[in-house]
Amino acid sequence: MQIMPAIHDAQILESALKHAREQKLVLPTFAELASPHAVRKEIQRSLQNVPRDRPDPLNLFRINWYNAHEGGGLREQPEWLEIPRSVSGVPARILVVLGDTFPMIAAHKVLAAYACLVTRLVTGRFDPRAGKAIWPSTGNYCRGGIAISRILGCRGVAVLPEHMSQERFDWLEEWTLKPDQDIIRTPGSESNVKEIYDTCDRLEREPGSVILNQFNEFANYLCHRVVTGPSLGTLFEYAANKGDRLHAFIAGTGSAGTIAAGDYLKQVYGARIAATEPLECPTMLCNGYGEHNIQGIGDKHIPLIHNVMNMDYVVGISDVGPDLMNILFNTDVGHAFLAGRTGVPALFLDKLKHIGISGLANIQSAIKLARHGDLTENDVLLCVATDGAAMYRSELRQCEQEHFGAEALPADVAEIFGRCLSGCEPAHVHELTGQERKRIFNLGYYTWVEQRGVDVGEFDRRRNQSFWDGMAAEQSLWDELIVEFNHRVGT
Ligand SMILES: Cc1ncc(COP(=O)(O)O)c(C=O)c1O
């Protein structure tokens, strides 16, 4: 909900401080998450002895975009991959920033989970001693929430649709304290968010339960605007050749947190903001609904934290495309084809495993945008891979069976290349007019005002960019509260 950088309840804050002392917690500020090289050297040194996949308090300092895939150190810019013209079929430069370098869950959604919890913790709005953190999500955010809960030493509960990938459930089985109680499966799949809300409403009635709903917690917006945005800006500046322009930032929207990085990239580089949406659930495209398999995006409603009025494009992608590209990019037969057809080196092929299904959808969006706008080799399209292919191995085998009846053959991957890359038409590229933005914004009314009881004045305030800019400007106040919290913990 609306976040205010001010103490809400001093008694709860005291309890949180006591707990943090016992757990020896030090909380990173937003500035440190955005610029991890500035973190105190003693913390950076201690981190070298901490494995990335452990619920160790120091791993909070790995919640940033600069972790290297290899070793435990920091890079000068986020890990990324450029999709060459021989693969994309377009001259525009497509840069994919890789989110699977984030600790514990190998997806950047742990950043949103940390932001939502820390803003409550330092203002006395969550008591880790008495409270149970409930993390509603379509898979990665709740894993991030469980990881943060483990570090904090408090109970965490994941709420997610039953049809999300098996890999997500396997991870949750390992990380939740009481898997039989702390993993709650809701009916349906990716787009069944209403069912998640209904379950949370029930859970909220239990004493001590705090719902950390990424779809309406503005900390989710804040962290991507002030952490992801500048980190991606660093990458653009590093990768840009002379004369390059940042044409657009492309992200699929689930909670619509990640796309907030676009607000920063527009402000600083003039980038356009494009949202990828599953064609099978075209909520922004045409108020539509439906089932799809681009896990993490296309949740059949407009999140409260989505700054709709700053968007420029919505690009519709069928979920068949990224499912098939997963086969091309992550099988030996696919790699042999790509090497022979496009000449890409083995190093490039090896890095493709860092792009999960929603990242593949963003690459298709980038290709469509490039064709739609006749973009040139000086136009840079920056897109996000929230997680890597490791989360979708079971989906890959299923998709091979569904489409080809067995493991894919050379002819099958050649078909995928023609269908999803070289022959990817610029269809369903929706350039938003003011009227269209308004239509999408207004659609949120039914969820938030009618169903969830948000005050209509509060809902409407979000039309104005000053609302979002004001929130970003409060970053320093949040950082002061985090510093003060650490000081009082005295670790
Ligand atoms: C794999 C994946 N891609 C994309 C998204 C969308 O990110 P956001 O919720 O920040 O819009 C999510 C969100 O959970 C995700 O898990």
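Here are some notes:
- Counting all C-alpha pairs of the chain, share separated by more than 40 Å (%): 15
- Kirkwood hydrodynamic radius computed over the stretch 173-311 comes to 16.9 Å, based on all pairs of distinct alpha carbons.
- The residue list Val39, Val157, Ser231 was ranked by how far each Cα lies along the charge dipole of the chain toward its positive end, using unit charges on Cβ atoms, and Val39 comes out on top.
- The stretch 397-457 and the stretch 189-253 have Cα centres lying 17 Å from one another.
- Members of Lys300/Lys351; Lys300/Lys368; Lys194/Lys266; Lys242/Lys266; Lys24/Lys109 lying beyond 21 Å, as alpha-carbon distances in this model show: Lys300/Lys351; Lys300/Lys368; Lys194/Lys266; Lys24/Lys109
- Cα-based shape type of the stretch 383-444, given that a ≥ b ≥ c are square roots of the gyration tensor eigenvalues and the cut on a/c is 1.5: prolate
- For His403, His306, order by how many other beta-carbon atoms lie within 10 Å, fewest first: His403, His306
- Over the stretch 75-201, equivalent-ellipsoid semi-axes from the Cα gyration tensor in Å: 31, 19, 13
- Ranking of Tyr445, Tyr269, Tyr141, Tyr114 by count of other Cβ atoms within 10 Å, fewest first: Tyr445, Tyr269, Tyr114, Tyr141
- Dividing the summed helix terms, -39500 (n - 2.57) for each DSSP H run of n ≥ 4, by the number of residues in the chain produces a 222 nm estimate of -12500 deg cm²/dmol to the nearest 500.
- The stretch 327-485, relative contact order [Cα under 8 Å, separation at least 6], %: 22
- Point-charge dipole on Cβ atoms (K/R +1, D/E -1) for the stretch 87-142, about Cα centre, debye to 20: 180
- For the pair Lys242 and Glu173, a Förster radius of 56 Å applied to the C-beta separation gives a FRET efficiency near 0.65, rounded to the nearest 0.05.
- Only Lys, Arg, Asp and Glu carry charge here, each on its Cβ (+1 for the first two, -1 for the last two); on that basis the stretch 347-491 has a dipole of about 200 debye about its Cα centre.
- Bridge type composition, the chain - antiparallel percent by DSSP, nearest 5: 20
- Annotation: lysines with alpha-carbon distance below 18 angstrom to Lys18 (same-chain offsets under eight excluded): Lys132.
- Under conditions of 10 °C and 1.306 mPa s, the stretch 340-450 yields 93 µm² s⁻¹ as its translational diffusion coefficient, taking Rh as the Kirkwood radius over Cα pairs in the Stokes-Einstein equation.
- The stretch 274-336: relative contact order as a whole-number percent, Cα under 8 Å and 6+ apart: 37
Rule-based calculations on the coordinates, nothing more; no lab input. Keep in mind that what you see is a predicted model, and the values were worked out from it rather than measured. Note: ideal-geometry Cβ built from the backbone for every residue, glycine included; neighbour counts use all protein chains shown.
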